[in-house]
Amino acid sequence: MLFWIDATQEHESPELFGLSLLERHIRIVKRICDQNAMVEATIGQISELAPHLATELKRTAVPDRASEIRVELREGAPIPDIGVTLGSHISLTWSRSAKPLGERLKSAVEDAKGAPVICLSADTEIDGRLVIHLATRQDNRVFLSDEGDERCATVRIRGDMPDFDESAGDLATLADSMLERGAAQEVDLTEFKGYIAKLRRHNAPYLFKVTNEEVRDRIARFLFDSNYKGATDFMTSHVYPPLVWRMVKPLARWRVHPNVVTIIGIIATFSAVPLFAAGAWVPGMTLAFIMSVLDSVDGKLARLTYTSTPQGDFLDHGTDYIHPPIWYFGWAWGLSGGDPYSGVFQASIWMMGFYVFDRILERLFKICTGRSIQDFRPIDVKLRTFTSRRNINLAVFVVALMVGLGNEAFYAIVGWQALTAFYHFVRVVQFWGGDSEEGFEHREVPDGGIEGSNNLSNFEAFH
């Protein structure tokens, strides 16, 4: 498969989260190629031992393994430093031309020798899921976005030469000509699975033309907001976003890797524990809130700059699972003055049990339904806002310490964790043996917008 990127635009588009739009396109394609290579390697390893699983994995792979990126530059333009290291399974070639886009694309299709061609424009910001969707289709498809000066398109050509206007100067004009001549179909949004399991939300595919800094800023805010989970706690969704937004922008511009942020967060996480145990609440809680905010920053930074790694994901989520009960033990030790036989410390042991039980229930629910217990139904989404989790418990405990009710608040937190676990137990029993089709896709459709639309104006409610 050939990924063909038109970068012949006269005016260079502004950077988005510290990356040129061309670099963002190449990073998207690289990720598709890397994931496809990983799937192919896994299929090869398990094909004899588990043929049925290998067959299922083949369905997730991009047909005609993505292996070539070709970037078309305008005549005389220097080859830019894209800041991306490509693996041996991806080739990147550069060319320069002053010919119309239609003629250049015709040559690229001929050079592809029957392989599918995905056509992208380097003055746009595209949803990586849309690129994957196009790559897995079998026929010619076009995706058009917006109107006027911000109109843009991406095109999939199946391998043979379709009928299009060779004098077309941009992909939007070329896409229009293919539709008019019956040489392609528009992307059917009913075929596009917009639900993102990791974010517990539904996002429509997007394609935006970045014409100036004002448009860039609107798109940046949209991307930031759309990377928040659809079901999360009150602190993450309502209190932290302004801080996270102000941190992500400069970190992306300085090209700070999200794993660095994760490691700083881990240091803050475990440095707070001895302070809790010593009753040094101000420095301990300061570190706790720093970690809590950074826990949002690293994920946003990784997704917005296409720099997530398996190692970073493991460190981030591993820390999230492990540290809460350690914090609770530290709180109880500090409240009791180091007395392991005190009521508050005994309560922390119960807290540990309820916490582990709750996590097991969440995993069981995912196994039996294929969906997260946090957003299975609308009521689950609403309750996730204030159920017993680290951020909620931290905020409650800090306020209680300020008014001298630390012990009382800790007992209340333990009780709230028990109630949360009980509710999740009921949900597991209720839906045991169910499937994801019974679930609820948490959809973010702004007022006045049309679900599935890719027009930026329909997402103003996010800004």
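Readers should treat all values here as calculations from the given coordinates under stated rules, not as data from a laboratory. Keep in mind it's a predicted model, so treat the numbers as computed, not measured.
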Exercise. Pairs to check: Lys209/Lys382; Lys193/Lys300; Lys30/Lys366; Lys113/Lys209; Lys209/Lys249; Lys30/Lys99. Give those whose C-alpha atoms are more than 24 Å from each other in this structure.
Key: Lys209/Lys382; Lys30/Lys366; Lys113/Lys209; Lys30/Lys99
Quiz prompt | Between helix 310-336 and the chain: long-axis angle, C-alpha atoms, 0 to 90°, nearest 10 | solution = 20 degrees
Quiz item: Just from the alpha-carbon atoms, what are the Rg and Dmax of segment 111-175 in angstroms?
Solution: 11.8, 35
Practice problem: In Å³ and rounded to a whole number, note down the convex hull volume per residue for the Cα atoms of segment 146-208. | Solution: 119 Å³
Exercise. For every helix of n ≥ 4 consecutive DSSP H residues, a contribution of -39,500 (n - 2.57) applies; sum these over the chain, divide by its total residues, and give [θ] at 222 nm rounded to the nearest 500 deg cm²/dmol.
Key: -17000 deg cm²/dmol
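For segment 184-248, build the convex hull from the C-alpha positions and give me its volume per residue in Å³.
In segment 184-248, the Cα convex hull volume per residue is 107 Å³.
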Quiz item: So what is Rg over Rh here for segment 222-307, counting just Cα atoms and using Kirkwood for Rh?
Solution: 1.01
Self-check item: J(HN,Hα) series, segment 252-257, from Karplus relation 6.51 cos²θ - 1.76 cosθ + 1.60, nearest Hz, glycine and proline x
Solution: 5, 5, 7, 6, 6, 6
Exercise. Could you state the angle between the C-alpha long axis of helix 213-226 and the longest principal axis of the C-alpha atoms of the chain, as a value from 0 to 90 degrees rounded to the nearest 10?
Key: 50 degrees
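Compute for the chain: radius of gyration divided by Kirkwood radius, i.e. Rg/Rh, restricted to C-alpha atoms, rounded to two decimals.
1.03
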Quiz prompt | segment 241-352 - convex hull of alpha carbons, volume per residue in Å³ | solution = 96 Å³
Exercise. Could you give me the radius of gyration and the Dmax of segment 350-421, taking only the C-alpha atoms into account and expressing both in angstrom?
Key: 13.7, 44
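Taking only the alpha-carbon atoms of segment 231-438, what semi-axes of the equivalent ellipsoid follow from 5 times the gyration tensor eigenvalues under a square root, in whole Å, largest first?
Values for segment 231-438, descending: 27, 26, 14 Å.
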